[in-house]
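What follows is one structure encoded as structure tokens, with my remarks underneath.
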Amino acid sequence: MLAFYRRLFPFKSLFTWLNHEHVPTKLFTHREFAFTLAGDVYLRYNSFSNAEELKKQVCSLNPTRFEIGPVYSARPRDKKTVRPAAFSPQLRELVFDIDMTDYDPIRTCCSGADICQLCWTFIAAAVHVLDRALRDQLGYRHLLWVYSGRRGIHLWISDREALELTDEQRRALVGWLTVIQGGKEMHKKVNVRIGAKPLPPSIASAYKILEPVFHQLVLREQNVFKSQEGWEALLHLVPDSDVAENLRDKWEDAPGRSSREKWQNLEDEFAAAAKRGGKGRPSAAQLQAAKEDIILQYTYPRLDAEVSKHRNHLLKSPFCVHPKTGRVCVPVDPRAIDAFDPATVPTVAQLLRELDERALPSAPEGAGEQGHHRDWERTKLKSYVDLFDRHVQGLLEETRKMKQKTDLSW
């Protein structure tokens, strides 16, 4: 890990991303960093004046990973000398965390910590939905998606408006985005409308993205309803007990039917029930609403809401290394998320081998660490750092425009 931090970790890019400009400001100097050391030693409330200080400390401690927290009212390293009332989180990126284990009840290819290209499609669908909602409906522009290194993805939103959100505002925003709610004991986890009224516009927009995902991923690729456990979970979401019983009888008589066939059976039964009607029976609109809710339950993003609600929550830094997989937590382009394969993300061992194979002549005497600070350019890490730097460039440009606006207002 020490060689990775010394030669490959893009500290300057990380600094500029957090700081929004080249000269250090409180966005960086008052920012909390937390280090996890070997033996599960955890060091909180570290802060630094610049990128060089951060790199020096990281190389000294050689942590297994480090996390980034909020910008405080005072330097976190001075916490013990500051009155408690004068030390509080002020600014923080709006962050989201999507973990593949939350999809265990519906994915059939893997479980637990395992992940493959097939179940990654659930994450890809979540990225499409959230990225569009946050950009188009909330107007955020500076979204950074980062692979978690194992089985999930993180999102950092660096717009000034996002940084300034209070905890209450974050809770409200997360509540607006959350559709899947309820524990294992609750069968129906989607309750986003009153009766059979149409979906709210924001969720209707997501539904258009997710309906084809349901047919391709859930029915065809994952074949979620093939097993009795799978189809019983589906029948719990059918609002008409007679329809549910008819379907159960059909599927028990021919249990080998594919999920696509079972879904067609459900649609046929819903259509027949809508024609029959009758007092006390679900209407055609209610049956259509139930079908839409089922599709959302199996495809809508499953957020770890607690990560997003509080400014003082710590989240693993981009370009850290996952201790279990050795893979680097690299940025991901949301426009290419469908083609992203976690298995192709470079590991530390692979990157260091690349450096050895493409070794340059020895650095001049006295060059020290400066001779190594862009070694990532000679490895597979380059494309990920380039993507990160393009994102950072957008933040720098935004800061420049804000300063120009402020100067003109005087």
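Quick notes on this one:
- Condition check for Arg276: of a type in the set (Lys, Arg), within 30 Å of Pro10 (Cβ to Cβ) and either open to solvent by 50 Å² or more (accessible area, probe 1.4 Å) or touching a residue at least 60 places away in the same chain (Cβ under 8 Å) (or both): no
- Being buried (at least 17 other Cβ atoms within 10 Å of the Cβ), among the hydroxyl-bearing types (Ser, Thr, Tyr) and either out of contact with any helix residue (DSSP H, G or I) (no Cβ under 6 Å at 6 or more places or on another chain) or closer than 30 Å to Leu396 by Cα (or both) is a description that applies to Thr108.
- Subset of the range 306-331 [among the small types (Gly, Ala, Ser) and either assigned to a strand (DSSP E or B) or touching a residue at least 60 places away in the same chain (Cβ under 8 Å) (or both)]: Ser308, Ser317
- Scanning the range 10-25 for residues that are assigned to a loop (DSSP other than H, G, I, E, B) and either aliphatic (A, V, I, L, M) or open to solvent by 10 Å² or more (accessible area, probe 1.4 Å) (or both) returns His20, Glu21, His22, Val23, Pro24, Thr25.
- Hey, Arg92 buried (at least 21 other Cβ atoms within 10 Å of the Cβ) and charged (D, E, K, R) or not: yes
- Those residues of the range 226-253 which are more than 23 Å from Cys109 (Cα to Cα), among the small types (Gly, Ala, Ser) and assigned to a loop (DSSP other than H, G, I, E, B), in sequence order: none
- Matching residues, the range 166-196, being closer than 15 Å to Leu94 by Cα and outside any loop (DSSP other than H, G, I, E, B): Asp167, Glu168, Gln169, Arg170, Arg171, Ala172, Leu173, Val174, Gly175, Trp176, Leu177
- Looking across the range 332-362, the residues that are part of a helix (DSSP H, G or I) and surrounded by 15 or more Cβ atoms within 10 Å (Cβ to Cβ) come down to Pro334, Ile337, Pro342, Val348, Gln350, Leu351, Leu352, Glu354, Leu355.
- Some residue of the range 384-400 being under 23 Å from Pro63 (Cβ atoms), buried (at least 16 other Cβ atoms within 10 Å of the Cβ) and at pLDDT below 95: no
- Residues in the range 44-68 that are aromatic (Phe, Trp, Tyr), over 16 Å from Asp78 (Cα atoms) and open to solvent by 50 Å² or more (accessible area, probe 1.4 Å): 0 in all.
- Looking only at residues of the range 151-182 that are charged (D, E, K, R) and crowded, with 20+ Cβ neighbours inside 10 Å, we find that the one that is modelled with the highest pLDDT is Arg170.
- When restricted to residues that are in contact (Cβ under 8 Å) with a residue 40 or more places away in the chain, farther than 11 Å from Val307 by Cβ and open to solvent by 30 Å² or more (accessible area, probe 1.4 Å), the range 95-105 contains 3.
The values are calculated or read from the model by the stated rules, or taken from the named source; none is laboratory data. Computed from a predicted structure; not experimentally measured. As a convention, Cβ positions derive from the backbone with ideal geometry for all residues, glycine included, and neighbour counts pool all protein chains shown. What goes into the accessible areas is simple: the full protein's heavy atoms, side chains included, and nothing from ligands, DNA or RNA. Shrake-Rupley method; radii C 1.70, N 1.55, O 1.52, S 1.80 Å.
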